[in-house]
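Asker: Before anything else, here's the structure in question.
What follows draws every value from the coordinates through simple rules; no lab data is involved. Note that the structure is predicted; figures quoted are calculated from it, not measured. Cβ coordinates were reconstructed from backbone atoms using ideal geometry, including for glycine residues, and neighbour counts include every protein chain displayed.
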Amino acid sequence: MQFTDIERVLVVMAHPDDVDFGAAGTVANLTDAGVEVVYCLVTDGQAGGFDHTIPREEMASIRRQEQTKAAAEVGVTDLRFLGHMDGSVEVDLHLRQDISMVIRQVRPQVVITQMPVRNLASTYGSHPDHIATGEATMCAVYPDARNPFAFPGTSCADLADWSVDEVWITFGVDGDDVVDITAQLERKMRALLCHESQHRDPEALVERVHDWWQGIAATHGLPEGSSAESFRVVDTR
Ligand SMILES: [Zn+2]
């Protein structure tokens, strides 16, 4: 996976914290290399967490704050919240237009997003919002954002069209690519722990995710003790 020729990367995720599980180490590598990274969050994660005493509208603002703090840990300060409802994300023209709009504003060479199809080996990873976000993002990358005739009469059509070169799918399977994040592990962990409203047992989480990221590295033949994130890289040129 080459970072050369990449100036801007857009990360499109369904919920606050998805990027920190799947790609924050890679994001830290990118921002360290001088790449501008922008986060686009489809929902505010209102349906997340375990505390019944927190009103859901309040949860939305808590989660935006947590994601903003987590982003800063890995060098990201530009976040766009689309405000769709957590648990209700659908692949429709409304969402495709919202994501196309952000692609046309940011003009990224690379978009990082979620698997657009169900992975039967991962129940949690295959949350319907993740699948819908991945598929709507793929539709926005091609054809919508690059088609100058898409969404006529809207503010999206007022922006110049833009073609994304590659999409990196988090937790990619079938020919996946791997990024060594060993040097970024502490930052990634701090970012993940910013989502305090979601972690009932932070210590157990730390242990579980360490094993998880080391397992990805081992599967891909990285030296013992390494940690990694994996992606399916899709050429969309
Ligand atoms: Zn999620």
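Asker: What's the ranking of 76-82, 99-105, 49-55 by average number of surrounding C-beta atoms within 10 Å, highest first?
Answerer: Working: 76-82: 17.0, 99-105: 23.1, 49-55: 10.0.
Averaged packing, sorted descending, gives the order 99-105, 76-82, 49-55.
Asker: Can you compute the helix-only [θ] at 222 nm over the chain? Use -39500 (n - 2.57) per DSSP H run of at least 4 residues, normalise by all residues, nearest 500 deg cm²/dmol. Spell out each step's value before the answer.
Answerer: Details: 7 runs with 87 residues, N = 237.
Theoretical 222 nm ellipticity from helices: -11500 deg cm²/dmol.
Asker: Let me check against my output: what whole-number percent is the relative contact order of the stretch 22-157, with C-alpha pairs under 8 Å and at least 6 apart?
Answerer: 24 percent
Asker: Starting from the Cα of LEU222, step 7 Å along the direction of its Cβ; do the same at GLU196; then give the gap between the two resulting points in nm.
Answerer: In this crude label model, LEU222 to GLU196 measures out at 3.0 nm.
Asker: Could you identify which residue out of ASP92, ASP201, ASP161 has the top mean-square fluctuation in a GNM of the chain using Cα springs shorter than 10 Å?
Answerer: Checking each option, the largest mean-square fluctuation is seen for ASP201.
Asker: Going toward the positive end of the dipole of the chain, with +1 on Lys and Arg Cβ and -1 on Asp and Glu Cβ, which of ASN29, PRO223, VAL117 do you reach last?
Answerer: VAL117
Asker: Only Lys, Arg, Asp and Glu count, each charged at its Cβ (+1, +1, -1, -1), so figure out the dipole size of the chain about its Cα centre, rounded to 20 debye.
Answerer: Details: 18 positive and 38 negative charges, 70 e Å.
The calculation lands at about 340 debye.
Asker: Could you give the nm distance between label points at ILE54 and GLU203, where each point is 7 Å from its Cα heading toward the beta carbon?
Answerer: Calculated label separation equals 2.2 nm.
Asker: Let me ask another. Determine, for HIS15, HIS199, the number of other Cβ atoms within 10 Å of each Cβ, and report the residues in order from fewest to most.
Answerer: By the 10 Å Cβ count, ascending: HIS199, HIS15.
Asker: Among SER61, SER126, SER230, which comes first, second and so on when ranked by fewest other beta-carbon atoms within 10 Å? Kindly include the intermediate steps, with their values, before the conclusion.
Answerer: Values: SER61 11, SER126 16, SER230 21.
Neighbour counts put them in this order, fewest first: SER61, SER126, SER230.
Asker: Where q = 0.12, 0.22 Å⁻¹, what log10 of I(q)/I(0) comes from the Debye formula for the stretch 72-166, counting one point per Cα?
Answerer: So the normalised log intensities work out to -0.40, -1.15.
Asker: Identify which of PRO152, PRO116, PRO143 has the largest mean-square fluctuation in a Gaussian network model of the chain, with springs joining Cα atoms closer than 10 Å.
Answerer: Ranking PRO152, PRO116, PRO143 by mean-square fluctuation puts PRO152 first.
Asker: Moving to a separate point now. What's the exposure ranking of VAL179, VAL11, going from fewest to most Cβ atoms within 10 Å?
Answerer: Fewest-to-most ranking of VAL179, VAL11: VAL179, VAL11.
Asker: Next question. Where the centroid of each part is defined by its Cα atoms, how far is the stretch 212-237 from the stretch 95-148 in Å?
Answerer: The distance from the Cα centre of the stretch 212-237 to that of the stretch 95-148 comes to 21 Å.
Asker: Of the residues LEU192, LEU205, LEU30, which exhibits the maximal mean-square fluctuation in a Gaussian network model of the chain defined by a 10 Å Cα contact cut-off?
Answerer: Sorting by GNM fluctuation, first place goes to LEU205.
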